[in-house]
Amino acid sequence: MATIDRVREVTDASFEEDVLSSELPVVIDFWAPWCGPCRAVHPILEQLAEEHAGRVEFAKLNIDEHPEAASRYDVFSIPTVILFEDGEPRETVIGAYPRSHFERAFGPWLGEPVRD
């Protein structure tokens with residue numbers, strides 16, 4: 001059975017529409033395929049995306065293929081995860097951390113998990 005990828009891909013071309021103009025806050029993971037710590041962070045963001053669907057959107061941007069947005073927001077090391085709200089960066093986590101760290105950092109936006 002195929003898994004659903006709840007963290008969608010964005011590009012430099014779609015960044016404005018997908019992230020900056022989003023009605024909901026967007027957590028964006030700046031990553032690259034060769035980055036081991038990035039691979040550790042992705043499952044955590046998938047879980048949070050599933051639990052907080054409808055409250056916060058989750059996306060990822062491959063910095064090797066789309067360096068413009070990473071450069072614009074001074075992403076110098078990866079993984080860097082930034083929460084955007086109303087077109088502005090509001091909270092940043094640089095590095096790989098346990099789930100609890102992301103929940104604390106993004107807690108004001110996540111609120112209580114949305115249950116089906």
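General remarks:
- Here region 1-51 is the region considered, the condition is being of a type in the set (Asp, Glu) and touching a residue at least 40 places away in the same chain (Cβ under 8 Å), and the residue that is farthest from ARG90 (Cα to Cα) is ASP5.
- Region 64-92, subset surrounded by fewer than 16 Cβ atoms within 10 Å (Cβ to Cβ) and of a type in the set (Gly, Ala, Ser), residue nearest to LEU20 (Cα to Cα): GLY87
- Here region 34-63 is the region considered, the condition is being part of a loop (DSSP other than H, G, I, E, B) and over 13 Å from GLU9 (Cα atoms), and the residue that is most open to solvent (accessible area, probe 1.4 Å) is TRP34.
- Answer residue from region 74-96, given it is in a loop (DSSP other than H, G, I, E, B) and free of Cβ contacts under 8 Å to residues at least 24 places away in the same chain and is nearest to TRP31 (Cα to Cα) among those: SER77
The values are calculated or read from the model by the stated rules, or taken from the named source; none is laboratory data. Everything quoted here is computed from the prediction, not taken from an experiment. Please note: Cβ atoms are built from the backbone with ideal geometry, for glycine as well, and neighbour counts cover all protein chains shown. Heavy atoms of the whole protein, side chains included, go into the accessibility calculation; ligands, DNA and RNA do not. Shrake-Rupley method; radii C 1.70, N 1.55, O 1.52, S 1.80 Å.
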